[in-house]
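Below is one structure, written out as structure tokens, with a few remarks after it.
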Amino acid sequence: MLNISFDSWDRSQDPHALARKVSGATHILLAISDSALPGFYRQHLAGHEAQVIQFSGAHHFEGMVSAHPLMTFGPELYDLEFYKKIHFTLTGAHSLGTVLPGLPNSFSEIAASQKALYHAHCVLGGNFVTLLIAKMLAGFAEMKIPSEAAQVYLEKVLANTLAEPSKALTGPLARKDVETVSANLQALENDPYSEIYKAFLKTYWPEYPRK
């Protein structure tokens, strides 16, 4: 979209073609699984002068720069203006311009020792929230509650949380409402998500009476 010159190769193609492309490259971007990164780098890229960039959120590997895009990606592509808003988290470099030349995005730096914790926060705030919302929507659908109603609620929850995260929590945990929590747990008695509810209780309200 930014008209940056690039070439591509994937592992179904001739490895000799990879060698030819690597020899003329200034930057090599590895969009492969985390577990495959070290072996692929050692086999094909170690010793080359090109800057090697990988995109793992949780891992950093010697010889490669990590540039993790702080974003979720679905089946549909986004437009250019949205892509420009994606923040990158760098490890092993001090400037996004030297790692991904031509990209105007903002960035932060973190140490390699912080990456696993950083990614855990991404999973907690992004992936787990997705599972919880999907669960809520499925439950509402069974009760014939429209998804549009849930959307208004969820948008306000997110807006309030981003505005004042320490004051946004509402509901029975915030009120320390024992009777309502008990009713919730009873309603979820045969649901695997009851354990998630209990985990939040243990974390946020450890004094909740268990008996």
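The values are calculated or read from the model by the stated rules, or taken from the named source; none is laboratory data. Small disclaimer: the values here were computed from a predicted structure and weren't measured. All Cβ positions, glycine included, derive from the backbone under ideal geometry; neighbour counts span all protein chains shown. Remember, those area values only see protein heavy atoms, side chains included, never the ligands or the DNA or RNA. Shrake-Rupley method; radii C 1.70, N 1.55, O 1.52, S 1.80 Å.
Average accessible surface for the chain: 70 Å² per residue, computed with a 1.4 Å probe over protein heavy atoms with every protein chain in place. Per residue, the Cα convex hull of the range 1-124 amounts to 125 Å³.
Once semi-axes √(5λ) of the Cα gyration tensor in Å is calculated for the structure shown, the corresponding label among (i) 29, 23, 14; (ii) 29, 27, 13; (iii) 43, 19, 18 turns out to be (iii). Rounded to the nearest Å, what's the spacing between the alpha carbon centres of the range 16-50 and the range 146-182? Just the number, please. The range 16-50 and the range 146-182 have Cα centres separated by 46 Å. A 1.4 Å probe, protein heavy atoms only, puts the accessible area of Lys21 near 80 Å².
Of the accessible area of the chain, computed with a 1.4 Å probe over protein heavy atoms only, carbon and sulfur atoms account for 59 percent. Distances between every pair of Cα atoms in the range 6-46, grouped in 5 Å steps from 0 to the bin holding the largest one, split as 5, 20, 36, 30, 9, 0 percent. The loop-placed GluC sites (Glu not before Pro) in the range 134-211, going by DSSP, that have at most 15 neighbouring Cβ atoms within 10 Å of their Cβ come out as Glu189, Glu207.
The count of lysine pairs in the chain that are at least 8 places apart or cross chains, and whose C-alpha atoms lie under 18 Å apart, stands at 9.
Size check on the range 34-99: the Cα extents along the three principal axes, sorted descending, read 37, 26, 19 Å. Axis angle, to the nearest 10 degrees, between helix 193-204 and the longest C-alpha principal axis of the chain: 90 degrees.
For the Cα trace of the range 1-70, dividing Rg by the Kirkwood Rh returns an Rg/Rh value of 0.94.
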